[in-house]
Amino acid sequence: MTALTAPRHDWSLKEVEALFALPLNDLLFKAHSIHREHFDPNAVQVSTLLSIKTGACPEDCKYCPQSGHYNTGLAKEQLMEVQKVLQQAKAALETGASRFCMGAAWKSPSKKDFPVVLEIVKGVKSLGLETCMTLGMLDVDQAKELSQAGLDYYNHNLDTSPEYYDQIITTRSYQDRLDTLSHVREAGMKICSGGILGMGEEETDRAKMLIQLSNLAPHPESVPINMLVKVEGTPLDQVEDLDPIDFIRTIAVARILMPESHVRLSAGREEMSDEMQAMTFFAGANSIFYGERLLTTANPQADKDRQLFQRLGIHPERRDVPVDDATHQAALQEAITEQKNSKLFYDASQASSLSDGAERERKPCGLVV
Ligand code: SF4
């Protein structure tokens, strides 16, 4: 039996640049071969994303419409009530998501909001979903409390290379990000960390970012690779488009460097053709956000994704930790009953009348988790 390609944490820049320089077919063959060693090549992990607190973020990430430094016309929203979040988590479960990701536009969680966040984690977990959050920087104690509440994953992106970083963010340092990732790991949670392509960086920056991620030991379990979504009013709204082939190359190199990680095709996917998405799956991407509208059964993006999966013969990956069906149903029923008894009960049928625009505003961190 052939030995699996073992994860490495010592990739040199020369080696990684050599991978980027391979003829595309050679690079894809290498990446896909490694992908098949570690994963079912026809399974894609499906997550759902919800912004639980939107806009007015004190950070100055130049790609992000939620930054308070730029005027993008984004509607700001306070932290959502626990029951409203649970309603949306349930809708996500019904559309086939196995993981529920929640984002809040904060520098770090405040003392006032943190207990609510912990309640949200417990509630979503009780529905039988894996939980993921992105809340900004965490200290050691916050990471521990989130872990104890049942948070499975914490998302905190490195965004780009250390060298290009200050062109993108000035309000926190690269080291701040690495420190938060280290607290998350020490608290026993899984790490979701990746970056954004198409922000005007060079190929060498993409190589250096992937080296940073692959230097983390163990590797992040989830590596989101985002294509910049240009939002009017942000400093990057006029930046030159990235060649889609360069995006696919980066996915392939990420797969080679981090053979056991889920590589997530993340922000920017809506703008990608089905053919481009198919190529990224071949290159090693095996995680997506499923649809964007979660409040009702009417979820056109999820339908589109289902059709794409069908055309490609892809199926959603099963949950890592299978939940006993009876337990799961009981938890679900209990959560629904609690919601109905609560004055905060959220009527999804009313929510369905929200305009597309209103829905689109509910995206955490510039949709870059
Ligand atoms: S990416 Fe996240 S941290 Fe940066 S401005 Fe947006 S919400 Fe704030």
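No lab work stands behind these numbers, since they all come straight from the coordinates. Because the structure is predicted, anything quoted here is derived from the model rather than measured. In this analysis, Cβ positions are derived from the backbone assuming ideal geometry, glycine residues included, and neighbour counts consider all displayed protein chains.
Answer rounded, prolate or oblate for segment 237-293, using the Cα gyration tensor with square roots of eigenvalues a ≥ b ≥ c: rounded when a/c is under 1.5, else prolate when a/b is larger than b/c, else oblate. Because a/c hits 1.5 or more and a/b fails to exceed b/c, segment 237-293 counts as oblate. Derived scalar couplings between HN and Hα for segment 272-278 equal 8, 5, 4, 5, 5, 4, 4 Hz in order, rounded to whole Hz, by the Karplus curve 6.51 cos²θ - 1.76 cosθ + 1.60 (θ = phi - 60°), x for Gly and Pro.
Applied to segment 36-48, the Karplus parametrisation 6.51 cos²θ - 1.76 cosθ + 1.60 on θ = phi - 60° returns per-residue 3J(HN,Hα) values of 5, 5, 10, 9, 5, x, 10, 10, 10, 6, 10, 10, 10 Hz, with x for Gly and Pro. This ranking places 74, 49 by how few other beta-carbon atoms lie within 10 Å of each, fewest first, which gives 74, 49. This ranking places 263, 16 by how few other beta-carbon atoms lie within 10 Å of each, fewest first, which gives 16, 263. Taking amide H positions as modeled 1.01 Å from N, with prolines and chain starts lacking one, the residues under 5 Å from residue 108 and 5 or more places away or on another chain are 137.
Working note: Karplus 6.51/-1.76/1.60 with θ = phi - 60° gives segment 167-173 the couplings 7, 10, 9, 10, 8, 8, 9 Hz, where Gly and Pro are set to x. Segment 233-276 and segment 1-60 have Cα centres lying 11 Å from one another.
The amide H of residue 158, built 1.01 Å from its N in the peptide plane, has 194 as neighbours under 5 Å, considering only residues 5 or more places off or on other chains.
Near residue 153, the amide H atoms lying under 5 Å from its own belong to 131, 132, 133, 190; only residues 5 or more places off or on other chains count, and H is placed 1.01 Å from N. The residues 35, 315, when put in order of fewest to most other Cβ atoms within 10 Å, stand as 315, 35.
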